[in-house]
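Below is one structure, written out as structure tokens; comments come after it.
Just so you know, all these numbers are worked out from the coordinates, no wet-lab data involved. The shown structure was predicted, so the numbers you read here are calculated from the model rather than taken from an experiment. For neighbour counting, all protein chains shown are included, and Cβ atoms are generated from backbone atoms with ideal geometry for every residue, glycine included.
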Amino acid sequence: MRPPADAELRRRLVYGDESALAEAYTAYGGLVRAVAARVTHSTAAAEDVAQEVFAQLWTRPYAFDARRGTLRTWLSMLAHRRAVDWVRSEARHRKDARADDSALHAIPDAAPGPDETVVHRERFRQLHSALAELPQPQREVVHLAYFAGRTYRQAAVELGIPEGTAKTRLRTALRTLAETLADPPDPALERGA
């Protein structure tokens with residue numbers, strides 16, 4: 001199967017197209033796992049690394065820049081970095097376990113709990129959905145301003161529109177996103193309880 005065009009795939013990922021993630025995984029999943037397995041010498045670790053790499057592609061597709069290289073190269077590099085991190089973490093854990101096997105001196109894990117992780121993922125999914133519902137002109141300005149790091153003036157130049165139009169689209173989009181993503185009112189407060 002021929003890999004999809006990088007710039008088009010990235011654009012679709014930025015706008016939350018799940019089929020684009022599936023295409024990227026089909027095209028590059030084996031490569032990512034192979035790179036990770038070569039570094040970690042563990043099939044299970046390679047699977048974990050691949051999951052992290054594609055999760056990053058999904059949550060931060062704007063981090064990939066097609067002008068700086070291919071998606072294949074970027075995913076390989078990301079897999080290598082994550083695999084090296086895994087190896088270092090494993091070495092640290094083994095060293096810590098040898099140095100102090102007493103549970104009394106264990107340092108509590110500062111990682112978020114399962115509830116926090118679920119809430120974070122749900123909020124991210126809501127954000128992707130809300131972005132996808134914006135009209136295309138507003139999505140483009142939001143993408144450039146918040147995900148590609150452009151000012152509204154730079155976004156206007158890049159999109160070939162007046163600065164005032166870019167600013168209005170951005171302001172309207174942010175207002176819409178704020179309303180869409182606002183927590184629903186607490187029914188107990190509404191009843192005066």
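Key figures for this structure:
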{"quantity": "Prolate/oblate/rounded label for the range 137-176 (Cα gyration tensor, a/c 1.5)", "calculated": "oblate"}
{"quantity": "Stretch gain in nm, segment H120-D65, where the contour uses 0.36 nm per residue and the Cα spacing is subtracted", "calculated": "17.3 nm"}
{"quantity": "Under 12 Å, Cβ to Cβ, from R153 - net charge with Lys/Arg +1 and Asp/Glu -1", "calculated": "0"}
{"quantity": "In the range 1-96, trypsin sites (Lys or Arg not before Pro) in a DSSP loop with at most 10 other beta-carbon atoms within 10 Å", "calculated": "R67, R68"}
{"quantity": "Inter-label distance for R171 and A5, nm, one decimal - labels placed 7 Å from Cα along Cα-to-Cβ", "calculated": "3.6 nm"}
{"quantity": "Lys, Arg +1 and Asp, Glu -1 on Cβ, resulting dipole of the range 13-79 about Cα centre, debye, nearest 20", "calculated": "320 debye"}
{"quantity": "Efficiency of FRET between D48 and E133 - r from beta-carbon atoms, R0 30 angstrom, step 0.05", "calculated": "0.35"}
{"quantity": "Estimated FRET transfer efficiency when R0 is 25 angstrom, pair F147-R72 (beta carbons, to 0.05)", "calculated": "0.70"}
{"quantity": "Using distinct alpha-carbon pairs, which all enter the 1/r mean, Kirkwood radius of the range 1-98 in Å", "calculated": "13.9 Å"}
{"quantity": "Rel. contact order, % - alpha carbon contacts under 8 angstrom, at least six apart, the range 1-98", "calculated": "32 percent"}
